[in-house]
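Notes follow once the structure below has been shown.
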Amino acid sequence: MSAHRQTNSEPAYNFAYLDEQTKRMIRRAILKAIAIPGYQVPFASREMPMPYGWGTGGVQVTAAILGSEDTLKVIDQGADDTTNAVSIRAFFAKTAGVAVTTATEDATIIQTRHRIPEAALQGHQVLVYQVPIPEPLRFLEPRETETRTMHALAEYGLMHVKLYEDIARHGHIATTYDYPVHVAGRYVMDPSPIPKFDNPKMNDCAALQLFGAGREKRIYAIPPHTQVVSLDFEDHPFEATKFEHPCALCGATMSYLDEVVTDDKGGRMFVCSDTDFCEGRRAAGHHGHLYGGETLSKEAAE
Amino acid sequence: MTAVLARGFDQPVAQSQATFRAVMQALANPGRLIAFRSTLDTDTPLPVNAAALGLALLDFEVTFHLAPSLSAGSVADYLRFHTGARAAKTTQDAALAFLDLAKDTLCLADYAQGTPDYPDRSTTLIALSTRAETGMAIAGPGIKAVGTLGIAPLPADFTVQWAANRAGFPLGVDILFVTEEGFIGLPRSTRIVGGV
Ligand SMILES: [Zn+2]
């Protein structure tokens with residue numbers, strides 16, 4: 001930890017791990033990110049006691065906004081019980097003493113990797129995304145100075161060219177994850193590797209959405225009730241993924257499904273990726289064709 | 001420096017976080033009053049909510065500017081002592097700028113607007129004010145359909161100044177109005193769409 005050069009008297013123990021100086025720097029970045037929706041604010045990312053792949057950007061954003069009154073939920077690919085989600089939840093329970101939950105509706109802060117919960121989020125909630133690569137133009141232009149200029153000029157033609165190449169090659173836009181969005185009519189933004197199924201949930205969402213990229217040192221935001229449009233073309237409009245099957249456990253027909261192996265004989269089934277949503281539906285009496293009273297642990301099944 | 005300065009946060013970790021969260025909600029929900037009453041001692045040289053905001057966001061990495069009505073007393077000493085922040089030489093150099101709408105002239109264009117590559121390098125205005133029951137209609141990110149901005153006093157040319165600020169988007173300043181009841185945010189993304 002860096003020395004505290006400012007004069008606020010502070011205990012040796014850091015609430016939520018980060019020192020106060022780092023939190024203030026991240027907080028200032030968050031305020032700018034909210035004021036300029038979709039713009040990537042640089043910040044001085046700190047080392048966290050976990051590997052980068054575990055979402056240190058999201059962890060730092062959560063640490064900077066978290067208070068003792070918060071209730072935290074952490075999901076990884078929609079599930080609360082993966083190693084990554086369990087570890088991050090335990091990290092904040094230990095370093096901040098906050099309440100944790102797996103119930104989407106009970107959470108005030110939800111940190112996520114690769115999914116948006118199925119349940120509609122509320123105005124008092126904050127959704128924090130773990131972002132590996134925040135720059136949507138990076139694969140078109142590796143130089144940071146160039147992408148920054150492209151954003152400054154709102155020069156997004158190349159982005160459309162890339163998507164159009166998809167159409168030329170596949171007959172449709174083949175990008176299914178990390179599908180770029182246009183925020184509030186200005187910045188093109190990377191939504192993190194969520195499935196494009198989730199993209200429509202970002203639009204007019206009641207909750208504040210914050211994005212943290214640790215390795216690339218960027219924070220960006222979508223305020224509540226902000227227009228978020230997935231890039232598309234008049235003759236090839238954006239289409240969210242649709243599933244042919246309902247969830248085998250809860251029968252849901254409107255959720256994002258994962259294919260999971262059920263036994264060592266190659267048996268498979270499609271179940272909700274959002275485990276809290278699926279369990280809630282089963283508890284409410286909705287059952288799919290393979291429901292047998294079990295609760296499925298995603299890690300156990302994989 | 002005056003002999004005795006008012007105290008800062010007794011619980012800096014919790015008080016900074018609580019202040020920041022209220023400010024974050026204010027900026028994320030433009031025009032909406034986010035109720036907040038800082039637990040700072042009331043003898044601060046700034047109204048307590050404004051003092052708390054300064055303590056929560058300032059440190060040695062950033063600078064602050066005080067409008068004329070706030071620059072005579074011990075405000076600068078208070079902020080410097082408790083945060084380590086430096087006073088900005090000009091409005092253009094300020095990360096945070098404090099002013100009292102009842103006493104100071106408001107000129108948004110005087111402050112740092114950011115650059116096309118780094119629009120975040122702009123000033124956030126901390127405007128001491130009071131809440132008005134009626135206000136202007138506003139729209140934009142953070143606002144479901146149409147919201148209301150009820151602030152007093154605002155200069156007669158505020159809508160003209162704000163239109164110019166909005167026209168420069170993504171450049172521009174953001175305003176945090178600070179009242180005894182809490183914070184009201186006005187980020188640069190907000191448009192004023194109707195009169196009182
Ligand atoms: Zn299900």
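Just one of (1) within 30 Å of A:Gly97 (Cα to Cα); (2) more than 14 Å from chain A (Cβ to nearest Cβ); (3) touching a residue at least 12 places away in the same chain (Cβ under 8 Å) fails for B:Thr83. It is (2). Scanning segment B:40-80 for residues that are assigned to a loop (DSSP other than H, G, I, E, B), within 14 Å of chain A (Cβ to nearest Cβ) and at pLDDT 95 or above yields B:Leu58, B:Asp59, B:Phe60, B:Glu61, B:Val62. Hey, can you tell me all the residues within segment B:13-39 that are among the basic types (Lys, Arg) and assigned to a loop (DSSP other than H, G, I, E, B)? Within segment B:13-39, B:Arg32, B:Arg37 qualify.
Could you list all residues from segment A:245-264 that are open to solvent by 70 Å² or more (accessible area, probe 1.4 Å) and under 19 Å from A:Arg281 (Cα atoms)? Those that are open to solvent by 70 Å² or more (accessible area, probe 1.4 Å) and under 19 Å from A:Arg281 (Cα atoms): A:His245, A:Thr253, A:Met254, A:Glu259. Summed over segment B:144-196, residues that are β-branched (Val, Ile, Thr) and touching a Phe, Trp or Tyr at 6+ places or on another chain (Cβ under 6 Å) total 4. Selection of segment B:93-124 for residues being more than 14 Å from chain A (Cβ to nearest Cβ), in a loop (DSSP other than H, G, I, E, B) and of a type outside the set (S, T, N, Q) yields B:Leu101, B:Ala102, B:Lys103, B:Asp104, B:Leu106, B:Cys107. Within segment A:37-70, the set of residues being touching a residue at least 24 places away in the same chain (Cβ under 8 Å), under 19 Å from A:His114 (Cα atoms) and of a type outside the set (S, T, N, Q) comprises A:Gly38, A:Met50, A:Tyr52, A:Gly53, A:Trp54, A:Gly55, A:Gly57, A:Gly58, A:Val59, A:Val61.
The values are calculated or read from the model by the stated rules, or taken from the named source; none is laboratory data. Predicted model only: the values in this text are computed from it and were never measured. Using ideal geometry, Cβ is built from the backbone for each residue, glycine included, and neighbour counts are taken over all protein chains shown. Accessible surface is based on the protein model in full, side chains and every heavy atom, while ligands, DNA and RNA are left aside. Shrake-Rupley method; radii C 1.70, N 1.55, O 1.52, S 1.80 Å.
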